[in-house]
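Data first, discussion second: the structure below is written as structure tokens.
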Amino acid sequence: MAPKQSTMMPIVSKVYCSPSAVVLVVRRRPNVANGGGFAVADCSQRVVFRVDGCGVLGKKDELVLRDSDGNALLLIRRKGGMVEALSLTRQWKGFTYDFLGSQKLVFTLKEPHSYFSNKNPIRVSIESKECSSYGPFEVRGNFLERSCSIVNSMGDVVAQKIGVNKEVQQVMASRDLYHVEIKAGMDQAFIFGVIGVLDYIYDGSTRCC
């Protein structure tokens with residue numbers, strides 16, 4: 001019997017779905033400008049993704065996920081206005097670009113207001129019709145600690161933030177360097193789009209002071 005292949009979940013693109021689990025390293029970029037962002041590298045220290053924060057973009061509540069060549073993969077914005085002010089959640093929208101440069105809504109992340117944030121998981125809905133069956137996802141645990149996971153609608157962990165060893169911690173602050181383990185078949189670009197939002201929410205390297 002042939003071995004069972006991993007189910008691919010190309011939310012942004014199948015290019016970013018690996019047939020095997022991967023561990024990628026997140027490193028906070030030098031904070032030349034407030035909200036500089038972070039870089040993501042593989043085991044060979046090759047940069048795979050980059051997230052530009054509001055200090056680079058010059059816009060508050062906005063992020064861009066780029067590939068290793070600097071091409072924009074996701075534009076992520078927080079929805080504001082009176083609707084948000086009256087709601088119990090803040091909504092972040094993630095958009096991809098098509099070959100003509102038009103934006104397409106891919107996911108919505110609902111961020112609970114601060115007084116609810118420690119009680120409820122963060123929900124991520126998939127908005128594109130062809131990928132709607134993959135979601136929704138939830139972020140569970142504490143993003144600032146090692147106990148943070150992204151789970152699918154079946155409750156299976158598809159990505160997990162893990163710490164670094166003690167030797168590395170002695171050289172760099174734990175918030176400046178950590179690992180993310182992503183399960184086989186999961187779209188890595190989508191995962192780091194979500195992580196970019198979480199970094200912003202919890203006053204990380206993407207947020208302007």
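The values are calculated or read from the model by the stated rules, or taken from the named source; none is laboratory data. Small disclaimer: the values here were computed from a predicted structure and weren't measured. Cβ: placed from backbone, ideal geometry, glycine included. Neighbour counts: every protein chain shown.
General observations
- Of the residues making up the range 192-209, those that are more than 16 Å from ASN142 (Cα to Cα) and under 10 Å from the mean Cα position of the chain (by Cα) are PHE192, GLY193.
- When every residue of the range 132-153 is checked against the conditions, at least one turns out to be in a loop (DSSP other than H, G, I, E, B), at pLDDT 85 or above and more than 23 Å from GLU62 (Cα to Cα).
- Residues being surrounded by 18 or more Cβ atoms within 10 Å (Cβ to Cβ), farther than 14 Å from SER13 by Cβ and out of contact with any helix residue (DSSP H, G or I) (no Cβ under 9 Å at 6 or more places or on another chain) - total across the range 58-75: 1
The rows are residues; the columns are (1) over 18 Å from LEU198 (Cα atoms); (2) at pLDDT 90 or above; (3) in contact with a Phe, Trp or Tyr (Cβ under 6 Å, 6 or more places away or on another chain).
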{"site": "ASP42", "(1), (2), (3)": "yes, yes, no"}
{"site": "ARG46", "(1), (2), (3)": "yes, yes, no"}
{"site": "GLY55", "(1), (2), (3)": "no, no, no"}
{"site": "ARG66", "(1), (2), (3)": "no, yes, no"}
{"site": "ARG77", "(1), (2), (3)": "no, yes, no"}
{"site": "VAL83", "(1), (2), (3)": "yes, no, no"}
{"site": "THR89", "(1), (2), (3)": "no, no, no"}
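- Residues (over 13 Å from the mean Cα position of the chain (by Cα), modelled with pLDDT of 95 or more and either at positive phi or crowded, with 18+ Cβ neighbours inside 10 Å (or both)) located in the range 154-184: LYS183
- Subset of the range 182-209 (residues that are over 11 Å from ILE150 (Cβ atoms) and part of a loop (DSSP other than H, G, I, E, B)): ALA184, GLY185, TYR202, ASP203, GLY204, SER205, THR206, ARG207, CYS208, CYS209
- Within the range 106-127, considering residues that are in contact with a Leu (Cβ under 8 Å, 6 or more places away or on another chain) and not in a strand (DSSP E or B), the one modelled with the lowest pLDDT: PHE116
- Neighbours by Cβ (under 7 Å, 6+ apart or cross-chain): first from the range 93-105, over 15 Å from GLU62 (Cβ atoms); second of a type in the set (Gly, Ala, Ser) and at pLDDT 80 or above: LYS104/SER128
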